[in-house]
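Asker: Please read through the structure below; I'll follow up with questions.
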Amino acid sequence: MNKPKLVAGNWKMNTTLSEGIALLESIIKGVKLLKTNTKIAIAPPFTHLSEFRKALKNTDVCLAAQNVSDKLQGAFTGEISALMLKDLGVKKAIVAHSERRQYFGETNESALFKIKTLLKQDIHPIYCVGELLEDRERERHFEVVEEQITTVLYQLTEEKLPKLTIAYEPVWAIGTGKTATPEQANEMHEFIRAVIAKRFGEDLAGQVMILYGGSVNSGNASALMAQPQIDGALVGGASLKAEEFIAIIKAAG
Ligand SMILES: O=C[C@H](O)COP(=O)(O)O
């Protein structure tokens, strides 16, 4: 299946607005010089979204958010709703990143609410799944990821499914410099697709983009992107360096 790949940069809690604009400008410049079919998304901190929307206006780079509230509006101090994101031109949003699960108590259940509220605003969720190191050591990784997939995706209707992107990010590979081998990543992507297919059929499962995330960089991107089940990458640290990020996009094709 030859669908265009997606490379998404998750900037996490990095850059001031002025630093962010400078980095974004370098990325836009680099992308313009590339001949690529790869789709690109950037998820900066919330504080950057409004300015980034202007900067991305005449580009093919898609504006993404790193999180969203599971509530639509009201007395929820500090939260940002899907409606607010839509108003800022946000097209995609990361949901249940492992750092949100680990430090902010997010669960599969809260992820489902977030995904539903995003889909109502026609913002496409990037739903993060992945096992802890201890899960892999105990050979529970397939079980953990299966639960993350079934508790969320099985609650969605068929027509919503193609709007969803999955990011498989083994927690032990995030920001650690340890990448899953291309074979390990591909094996899990294949498993995820099979779990989706069990409920929705092969055709729909084939339409869901499954990204790999976890220490992706210019050195390992080509081997990862060459795997048949890997549809792209969710990039953390390396998306904060324009040259690295551009090299990853190039490797994706
Ligand atoms: O969202 C991105 C992932 O957490 C990967 O981060 P990393 O590329 O810094 O390992």
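Asker: Which Cα, out of Gly20, Gly89, Gly74, lies furthest along the positive dipole direction of segment 9-133 (beta carbon charges, K/R +1, D/E -1)?
Answerer: It is Gly89, whose Cα lies furthest towards the positive end.
Asker: Out of segment 36-75, which trypsin sites (Lys or Arg not before Pro) are coil in DSSP terms and have no more than 12 other C-beta atoms within 10 Å?
Answerer: Lys57
Asker: By count of other Cβ within 10 Å, fewest leading, how are Ser98, Ser50, Ser81 ordered?
Answerer: Ser50, Ser81, Ser98
Asker: Here's another thing I want to ask about it. From the helices alone, meaning DSSP H stretches of at least four residues, give me the mean residue ellipticity at 222 nm for the chain, per-run term -39500 (n - 2.57), in deg cm²/dmol to the nearest 500.
Answerer: It comes out at -12500 deg cm²/dmol, rounded to the nearest 500.
Asker: While we're on this one: Over the chain, with a Gaussian network built from C-alpha contacts below 10 Å, which listed residue (Glu134, Glu147, Glu187) shows the highest mean-square fluctuation?
Answerer: Comparing Glu134, Glu147, Glu187 in the GNM, the peak value goes to Glu134.
Asker: Need one number: nm distance between label points at Ala75 and Gln102, each 7 Å from Cα along Cα→Cβ, rounded to one decimal.
Answerer: Each label point is offset 7 Å from its Cα along the Cβ direction, giving 3.5 nm.
Asker: Can you check what the net charge comes to around Leu211, using other residues whose Cβ is under 13 Å from the Cβ of Leu211 (Lys, Arg +1; Asp, Glu -1)?
Answerer: For residues surrounding Leu211, the net value is +3.
Asker: Going by a ≥ b ≥ c, the root eigenvalues of the Cα gyration tensor, does the chain fall in the rounded group (a/c under 1.5), the prolate group (a/b larger than b/c) or the oblate group?
Answerer: Judged from the Cα gyration tensor, the chain comes out rounded (a/c under 1.5).
Asker: Give me the aspartates and glutamates in straight-line cross-link reach of Lys91: C-alpha distance below 16 Å, same-chain residues under 8 apart excluded.
Answerer: Correct list for Lys91: Glu51, Asp60, Asp122.
Asker: Would you list Cys128, Cys62 from fewest to most Cβ contacts within 10 Å?
Answerer: Neighbour counts put them in this order, fewest first: Cys62, Cys128.
Asker: Between Thr47 and Lys160, how high is the FRET efficiency from 1/(1 + (r/R0)^6) when r is the Cβ-Cβ distance and R₀ = 30 Å? Nearest 0.05.
Answerer: Efficiency, from the Cβ-Cβ distance: 0.50.
Asker: Please compute the modelled spin-label separation between Asp122 and Thr151, points set 7 Å along Cα→Cβ, answer in nm with one decimal.
Answerer: The two pseudo-label positions are separated by 3.2 nm.
Asker: Under 19 Å Cα-Cα from Lys198, which aspartates and glutamates qualify once same-chain neighbours fewer than 8 residues away are excluded?
Answerer: Glu143, Glu146, Glu147, Glu158, Glu159, Glu187, Glu190
Asker: As a quick test, which of the pairs Lys92/Lys163; Lys12/Lys163; Lys120/Lys163 have an alpha carbon distance above 19 angstrom in this structure?
Answerer: Lys12/Lys163
Here, each number is a calculation from the coordinates, and none is a lab measurement. What you see is a predicted model, and the numbers here were worked out from it, not measured in a lab. Positions of Cβ are generated from backbone atoms using ideal geometry, with glycine treated the same way; all protein chains shown enter the neighbour counts.
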